[in-house]
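Trainee: Please see the structure below; I have some questions.
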Amino acid sequence: MILQKNKNDFLHVRNEKKGYVSIFNHNTRTTTFLNETAYEILKLVNEGKNYEEIVSIYNSKYGMGENLEEEVLNTLYSLKYRKLIEFEMENNNISENDIRVAGEKDYSEISKLIKKNFIKPNKYIYMAADNEVYYNEETIRIRQFNNYEYNIVAVENARIEAVLTIAPPRSQFFGTSLITGIFFSPDMSEDKCKLLFTKLLEKGKEYLLGDINKIRIHIPDTENLRNKKELIYLLLENGFINEATLKNEICKKYDLIFYTLFI
Amino acid sequence: MEQNVVSDSITGFKYAPNLKDDYEGLRQVNGPMMVSLDVTSRCNLSCIHCLNDSSNRGNSVYEEMNDRDILMVVDQIIELNPHTVCICGGEPLLRKNLFDIIDKFSQKGIFVSMVSNGFLIDSECVNKLKECGLKFIQISLDGVNKKQHDYFRSVQGSFDRAVSAIKLLVKAGFNVAVSFVPNKLNHKDFYEYVDFVNKLGVISVRVMPFLPLGRGNKFGKLLMLNEEEYFYFQRKIFRCAEIYRGKMDVEWGDPLDHYIRMKNNYKAGLKTYCVEIRANGDIFFSTYMPIKIGNCLKKSLKEYWLNGLDNVWGNPTVIQWVNKVKNIYDFEKLDPQPYFDTPIEIKLDNGGRI
């Protein structure tokens with residue numbers, strides 16, 4: 001991962017109490033707050049340090065904690081989301097031709113990929129239905145065949161590595177498509193998951209262009225969704241915005257947060 | 001009226017409340033995020049809806065500071081180091097040392113924006129504004145033709161001058177926004193208006209309801225839209241916001257939003273984020289509330305901040321006033337009236353917090 005400071009923006013920084021800083025970006029006209037550590041990491045990026053160097057600095061400072069790399073990465077993503085730094089992802093050798101809509105021959109493999117995630121979930125998966133039967137080969141096929149849910153797949157070496165399922169607009173939500181599933185191979189690296197999601201989403205937009213002006217995803221606001229934070233970063237990075245929250249939905253058990261991508 | 005369109009939107013102060021650090025950061029601030037400074041209360045136009053009662057004579061309640069005093073106030077603001085300063089009025093360009101004021105702020109890296117009717121903006125003025133480091137300007141434009149705008153602004157030729165100003169500013173590379181107050185004369189042409197300003201190259205359209213305050217209350221109320229007209233007008237705004245998403249912002253500003261938000265923010269431990277300084281140095285924290293907390297010529301802004309301006313939204317008198325306004329028609333019942341009458345002065349008590 002190559003880190004770069006955001007060269008185009010002029011930032012006005014003010015020190016606040018307890019180590020916090022507030023930063024105003026003159027170009028985007030937005031204010032953001034960083035805690036002491038995030039600001040330190042921002043300064044390291046601006047000094048030209050890369051990801052490994054930053055991890056090593058924190059390693060020597062605090063010792064190798066269990067979640068150190070993850071914490072640094074999360075902070076970097078948070079800085080990127082605030083448009084304070086830029087990332088260049090490493091090349092993952094997936095060409096545009098390898099991203100396509102699924103067909104009759106693909107449902108079996110899609111089903112297997114999803115079911116592997118029931119055993120060992122990838123960090124970035126999202127599934128609208130927490131039920132294995134829902135992801136049987138024939139049920140996936142019926143949904144796509146009847147225009148109820150499309151599967152966009154990323155194929156690498158003739159194997160399906162990632163799937164994005166999108167429900168096209170229904171009459172009552174005209175113009176809005178709903179993401180009903182995001183699946184990756186359980187062992188796929190984080191960077192690759194992020195890259196593939198962006199590409200799958202682009203392809204999804206291309207297929208549905210003309211029918212939709214927004215793509216929405218419902219994230220349950222519950223502790224049971226362990227990868228909620230990762231999912232939200234994935235969505236924010238791809239231009240989704242927090243549109244609304246439905247209180248006490250799904251049998252009044254938890255809130256549903258709507259993230260929406262406007263097209 | 002220019003000022004109230006601006007109070008929340010021109011700051012560009014957008015924080016993402018779902019991010020923990022932003023919330024915690026707002027509890028730890030050492031000063032306001034934004035300061036709005038009225039550099040004058042004089043105005044070359046005499047708009048029907050003006051809440052400040054600005055005119056050639058200026059405002060009798062807020063006589064403007066002399067050049068030395070206002071530069072001292074500028075230093076006080078710089079001491080608190082806000083991220084943005086909005087230059088308001090009256091018409092700011094009537095202030096002789098305006099460019100020195102803007103220059104002082106921009107030298108410190110503070111983002112300076114300004115609100116103007118555009119009447120006095122020519123090529124020379126645009127160059128000066130560029131040189132002194134102004135970053136953002138909002139021009140008031142209330143229609144697609146002279147009939148709509150000039151009647152509302154009460155001066156012939158004001159539409160042509162405003163449009164000319166927008167063209168010059170866009171050409172010079174400024175980020176230009178326009179403000180629009182819907183009324184009986186212009187609301188039906190809103191689609192045409194948005195298309196017109198988009199072609200002029202503005203980046204943002206800021207719309208706020210006509211308020212029964214100031215001259216708007218005394219003379220302009222007949223031009224206010226009724227319920228049904230507002231309903232259809234709002235639909236047009238949201239439709240335009242969708243159509244122009246990514247190309248130009250179309251915003252519908254709620255003047256009551258900060259009443260609700262700041263009251264809740266105080267409860268959550270968040271500090272005052274916007275402070276307003278009137279032309280005579282009086283310090284306020286809301287355009288629409290006739291409550292002042294002191295004057296910059298008596299004590300420095302920082303002293304006021306440290307003595308409770310940061311927690312002013314928790315002051316019992318302020319809470320009492322906030323609770324008086326539940327909709328925009330409640331503004332006309334306020335006594336004293338903001339800008340028209342002498343304001344109430346409250347004693348800061350750190351909002352009851354230790």
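Trainee: Could you please find all residues in the range A:24-71 being among the aromatic types (Phe, Trp, Tyr), farther than 14 Å from A:Val13 by Cα and over 22 Å from the mean Cα position of the chain (by Cα)?
Mentor: Correct list: A:Tyr58, A:Tyr62.
Trainee: Still on this model: Please indicate, with yes or no, whether at least one residue in the range A:200-212 is in a strand (DSSP E or B), more than 15 Å from the chain's Cα centre (by Cα) and more than 14 Å from chain B (Cβ to nearest Cβ).
Mentor: yes
Trainee: Moving on. Kindly establish whether B:Lys167 is out of contact with any helix residue (DSSP H, G or I) (no Cβ under 8 Å at 6 or more places or on another chain), of a type outside the set (Gly, Ala, Ser), over 25 Å from B:Pro255 (Cα atoms) and surrounded by fewer than 17 Cβ atoms within 10 Å (Cβ to Cβ).
Mentor: Here the answer is no, as B:Lys167 does not meet what is asked.
Trainee: Residue by residue through the range A:160-199, note down the ones that are in a helix (DSSP H, G or I), under 15 Å from A:Glu230 (Cα atoms) and polar (S, T, N, Q).
Mentor: Scanning the range A:160-199 gives a single hit, A:Thr198.
Trainee: Related question: Out of curiosity, is B:Asp122 within 21 Å of B:Val197 (Cβ to Cβ), surrounded by fewer than 24 Cβ atoms within 10 Å (Cβ to Cβ) and not aromatic (Phe, Trp, Tyr)?
Mentor: Yes, satisfied.
Trainee: Further question: Tally the residues that are over 16 Å from B:Arg95 (Cβ atoms) and crowded, with 24+ Cβ neighbours inside 10 Å, restricting the search to the range B:125-148.
Mentor: Matching residues across the range B:125-148 total 6.
Trainee: What residue, among those in the range B:101-121 that are out of contact with any helix residue (DSSP H, G or I) (no Cβ under 7 Å at 6 or more places or on another chain) and more than 14 Å from chain A (Cβ to nearest Cβ), is farthest from B:Val73 (Cα to Cα)?
Mentor: The residue in question is B:Asp103.
Trainee: Checking A:Leu34 against (1) at pLDDT below 85; (2) within 14 Å of chain B (Cβ to nearest Cβ), which test does it fail?
Mentor: Result: A:Leu34 fails condition (1) only.
Trainee: Do we find that B:Leu270 is within 14 Å of another protein chain (Cβ to nearest Cβ) and modelled with pLDDT under 90 in this structure?
Mentor: yes
Trainee: In this structure, does A:Leu178 turn out to be at negative phi, in the same structural domain as A:Val101 (by TED's automatic domain parsing) and in contact with a helix residue (DSSP H, G or I) (Cβ under 7 Å, 6 or more places away or on another chain)?
Mentor: Spelling it out, it is not the case that A:Leu178 is at negative phi, in the same structural domain as A:Val101 (by TED's automatic domain parsing) and in contact with a helix residue (DSSP H, G or I) (Cβ under 7 Å, 6 or more places away or on another chain).
Trainee: Please enumerate the residues belonging to the range B:303-321 that are surrounded by 18 or more Cβ atoms within 10 Å (Cβ to Cβ) and farther than 14 Å from B:Phe284 by Cα.
Mentor: B:Gly314
Trainee: Within the range B:260-268, can one find any residue that is exposed (fewer than 14 other Cβ atoms within 10 Å of the Cβ) and of a type in the set (Val, Ile, Thr)?
Mentor: There is at least one residue in the range B:260-268 that is exposed (fewer than 14 other Cβ atoms within 10 Å of the Cβ) and of a type in the set (Val, Ile, Thr).
Trainee: Then there is this: Which pairs turn up if I take residues in the range A:43-69 that are at pLDDT below 90 and look for partners that are part of a helix (DSSP H, G or I) and hydroxyl-bearing (Ser, Thr, Tyr) with beta carbon separation below 7 Å, at least 6 apart in sequence or on another chain?
Mentor: Going by the 7 Å Cβ cut-off, the qualifying pairs are A:Leu68/A:Tyr58.
The values are calculated or read from the model by the stated rules, or taken from the named source; none is laboratory data. Remember, it's a predicted structure, so these values are computed and weren't measured experimentally. Cβ coordinates were reconstructed from backbone atoms using ideal geometry, including for glycine residues, and neighbour counts include every protein chain displayed.
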